[in-house]
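Visitor: Please read through the structure below; I'll follow up with questions.
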Amino acid sequence: MSDKLIIFDTTLRDGEQSPGASMTRDEKERIAKLLERMRVDVIEAGFPVASPGDFEAVKHVAEVVKDSTVCALARATEKDIDVAAEAVKPAARGRVHTFIATSPVHMREKLRMEPDAVLERAVWAVKRARQYTDDVEFSPEDAGRSEIDFLCRVLEAVIDAGASTVNIPDTVGYNLPQQFGGLIQTLMERVPNSDKVVFSVHCHNDLGLAVANSLAAVTAGARQVECTINGLGERAGNASLEEIVMTVRTRQDMFDCDSNIDTTQIVPSSRLVSGITGFPVQPNKAIVGANAFAHESGIHQDGVIKHRETYEIMRAEDVGWPANRMVLGKHSGRNAFRQRLAELGIEFDTEEDLNSAFSRFKDLADKKHEIFDEDLQALVTEEGLEQASDYIRLVGLKVCSQSGETPLANITLSVDGKEQKADSEGSGPVDAAFRAIENVVESGVELQLYSVSNITSGTDAQGEVTVRLERGGRIVNGHGADTDIVIASTKAYINALNKIVTPVERCHPQTNQPI
Ligand code: KIV
Ligand code: ZN
């Protein structure tokens, strides 16, 4: 019988550490519920000591998630551990994940601590966390660049102190697959009490090797993989959940373990995370990219039609790609709408939320005759993005764009409840709209990224827009969707502005810098 591979998702923690990807409590709840539906074993919900908002968000996830373990991150300090334990207290199964760096460069330059003091602190941290829960995970940060003898000593000591999972991070994505698999094998052989714990791995993708390194570690005996939806995460990201899960599932001839994941929830989760964080998925991304199952070149298409296995090693429907069919239309009623969303794993807390989403659906169906699953998912994401409490709201937009003329935008915004109007010219209609917004709000932001993609095909498809804004070192992403791409762009810009005008004081768990 094959072993169980534990899937530990850190989209809500390491994923959230990507610039601009911070999530609200409600956004975390929506993602966590979908991860639970996907049967993710452990959901790392955040770093509670970062701010009161972060604490609330982790606590809320711990309250609503019943089937997955909910984990909180803590540095090896009293306050971090106590706050993390408090945040996961309501969970049916709660875990505290504490860490301290063990590589020479981190100990010397960041911690300014001697190795023996680091070892002592690691043991202290695990013991403190064990006062609150039996489920304690310990990570020697930057293990991938740590000295093996010291790493063995630290692991032996934290296992003795009561850690039930030891996680080996390649924090800076420096390792190569053979080397990292070898590291796991050596640790499992040399640490005398290694059989008492689950060995986990946490790989970053700086050299594009996060998935390969994680899989090499699984082959060497690791039984937990830390990963994120769409590979979201610090810098080049973390190992992507969908690639890990589908590789192990597809190549069962090569692995003596498998995860419990319901793979049909992969694409919906990818879309939800991308929609909420504003990080688009590249079209050629494995499993979840728009082209991943599109056999477009003539010769391939012919092969696929004759015999599926010619060019397909997985089935699109097994990872949750919708069967590209019209699901609802102009005449569909509220019940059909509610039922289709329930089939997609989307439920509403109140009748009022359902009514408001249904009224948006009717507006969309007036503009677009065929409504696909992707449209419904985008519509619900939009619904979540616009908060009644938003400081800036779009009241109206008129844009004139004519060949040979400079585009002109007239905008009406509600700012803190007061309507204000402005207009502006621009080099194109989107530029004019953004300038008109700035003539009202004078935010002083810098636009770092603007990207548009279509949600479904056809000229009546909704455009999905992401903007990234920066002010005073703080970065936020905004997201908007509409059949009119100028409106979608305006919504995305306003969504980002609403995030940036809300002051937050949070600290980064690894660099200790404000974010
Ligand atoms: O990359 C890393 O080392 C981490 C640890 C906190 C586990 O994210
Ligand atoms: Zn990390």
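Visitor: Inspect the stretch 382-395 for any residue being touching a residue at least 12 places away in the same chain (Cβ under 8 Å), over 15 Å from residue 491 (Cα atoms) and in a loop (DSSP other than H, G, I, E, B) and give the result as yes or no.
Guide: The answer is no, given that none of the residues of the stretch 382-395 is touching a residue at least 12 places away in the same chain (Cβ under 8 Å), over 15 Å from residue 491 (Cα atoms) and in a loop (DSSP other than H, G, I, E, B).
Visitor: If the Cβ limit is 6 Å and pairs must be 6+ apart or interchain, which residue in the stretch 169-187 that is over 20 Å from residue 10 (Cα atoms) pairs with which residue that is of a type in the set (S, T, N, Q) and surrounded by fewer than 23 Cβ atoms within 10 Å (Cβ to Cβ)?
Guide: Sorted first by the residue in the stretch 169-187, then by its partner, the pairs are 181/219.
Visitor: What are the residues in the stretch 398-415 that are of a type outside the set (Asp, Glu) and in a loop (DSSP other than H, G, I, E, B), if any?
Guide: Once the filter is applied, which keeps residues that are of a type outside the set (Asp, Glu) and in a loop (DSSP other than H, G, I, E, B), the stretch 398-415 yields 401, 402, 403, 404, 406, 407.
Visitor: Right, another one. For the stretch 192-228, name all the residues that are among the β-branched types (Val, Ile, Thr) and within 16 Å of ligand 1 (Cβ to nearest atom).
Guide: 197, 198, 201, 211, 225, 228 - these are the residues of the stretch 192-228 that are among the β-branched types (Val, Ile, Thr) and within 16 Å of ligand 1 (Cβ to nearest atom).
Visitor: Would you mind stating whether residue 97 is more than 24 Å from the chain's Cα centre (by Cα), crowded, with 18+ Cβ neighbours inside 10 Å, within 13 Å of ligand 1 (Cβ to nearest atom) and not hydroxyl-bearing (Ser, Thr, Tyr)?
Guide: Answer is no for this residue.
Visitor: One residue is enough: does the stretch 341-348 have a residue meeting the conditions outside any helix (DSSP H, G or I), aromatic (Phe, Trp, Tyr) and buried (at least 17 other Cβ atoms within 10 Å of the Cβ)?
Guide: Looking through the stretch 341-348, at least one residue is outside any helix (DSSP H, G or I), aromatic (Phe, Trp, Tyr) and buried (at least 17 other Cβ atoms within 10 Å of the Cβ).
Visitor: Hey, among 14, 67, which residue is out of contact with any strand residue (DSSP E or B) (no Cβ under 8 Å at 6 or more places or on another chain) and at pLDDT 95 or above?
Guide: Selected residue: 67, the only one of 14, 67 that is out of contact with any strand residue (DSSP E or B) (no Cβ under 8 Å at 6 or more places or on another chain) and at pLDDT 95 or above.
Visitor: Which one of the conditions (1) modelled with pLDDT of 85 or more; (2) in a loop (DSSP other than H, G, I, E, B); (3) among the acidic types (Asp, Glu) does residue 318 fail to meet, given that it meets all the rest?
Guide: Among (1) modelled with pLDDT of 85 or more; (2) in a loop (DSSP other than H, G, I, E, B); (3) among the acidic types (Asp, Glu), the lone unmet condition for residue 318 is (2).
Visitor: Within the stretch 5-30, can you find the residues that are of a type outside the set (S, T, N, Q) and surrounded by fewer than 24 Cβ atoms within 10 Å (Cβ to Cβ)?
Guide: 5, 6, 19, 20, 21, 23, 25, 26, 27, 29, 30
Visitor: Does residue 225 satisfy the criteria of being at pLDDT 95 or above, in contact with a Leu (Cβ under 7 Å, 6 or more places away or on another chain) and either among the aromatic types (Phe, Trp, Tyr) or within 16 Å of ligand 2 (Cβ to nearest atom) (or both)?
Guide: yes
Visitor: Being within 16 Å of ligand 1 (Cβ to nearest atom) and out of contact with any Gly (no Cβ under 7 Å at 6 or more places or on another chain) is the filter here; which residues of the stretch 23-54 pass it?
Guide: 42, 43, 44, 45, 46, 47, 48, 49, 50
Visitor: With the checklist (1) buried (at least 18 other Cβ atoms within 10 Å of the Cβ); (2) modelled with pLDDT under 95 in hand, flag the one item residue 424 doesn't pass.
Guide: Residue 424 satisfies all of (1) buried (at least 18 other Cβ atoms within 10 Å of the Cβ); (2) modelled with pLDDT under 95 except (2).
Visitor: Would you please list the contacts, defined by Cβ atoms under 6 Å and residues six or more apart or on different chains, that run from a residue in the stretch 487-501 that is basic (Lys, Arg) to a residue that is buried (at least 24 other Cβ atoms within 10 Å of the Cβ)?
Guide: 491/480; 499/476
Visitor: I would also like to ask the following. Checking the structure you have, find out if any residue of the stretch 144-156 is under 21 Å from residue 12 (Cβ atoms), touching a Leu at 6+ places or on another chain (Cβ under 9 Å) and within 16 Å of ligand 1 (Cβ to nearest atom).
Guide: Scanning the stretch 144-156 turns up no residue that is under 21 Å from residue 12 (Cβ atoms), touching a Leu at 6+ places or on another chain (Cβ under 9 Å) and within 16 Å of ligand 1 (Cβ to nearest atom).
Visitor: How about the stretch 90-114: which of its residues are aliphatic (A, V, I, L, M), out of contact with any Asp or Glu (no Cβ under 6 Å at 6 or more places or on another chain), within 18 Å of residue 508 (Cα to Cα) and touching a residue at least 12 places away in the same chain (Cβ under 8 Å)?
Guide: Once the filter is applied, which keeps residues that are aliphatic (A, V, I, L, M), out of contact with any Asp or Glu (no Cβ under 6 Å at 6 or more places or on another chain), within 18 Å of residue 508 (Cα to Cα) and touching a residue at least 12 places away in the same chain (Cβ under 8 Å), the stretch 90-114 yields 96, 100.
Visitor: Given the conditions (1) away from ligand 2 (no atom under 16 Å from the Cβ); (2) in contact with a strand residue (DSSP E or B) (Cβ under 7 Å, 6 or more places away or on another chain), report the number of the one that residue 507 does not fulfil.
Guide: (1)
Visitor: Among what's in the stretch 50-89 and is touching a residue at least 60 places away in the same chain (Cβ under 8 Å) and surrounded by fewer than 24 Cβ atoms within 10 Å (Cβ to Cβ), pick the residue that is farthest from residue 344 (Cα to Cα).
Guide: Of everything passing the filter in the stretch 50-89, 75 is farthest from residue 344 (Cα to Cα).
Visitor: Now a separate question. Since residue 443 meets every condition but one in (1) in contact (Cβ under 8 Å) with a residue 40 or more places away in the chain; (2) within 13 Å of residue 490 (Cβ to Cβ); (3) not in a strand (DSSP E or B), which condition does it not meet?
Guide: Only one criterion is unmet by residue 443, namely (2).
The values are calculated or read from the model by the stated rules, or taken from the named source; none is laboratory data. Not measured: the values here are computed from a predicted model. Positions of Cβ are backbone-derived with ideal geometry, glycine not excepted, and every protein chain shown enters the neighbour counts.
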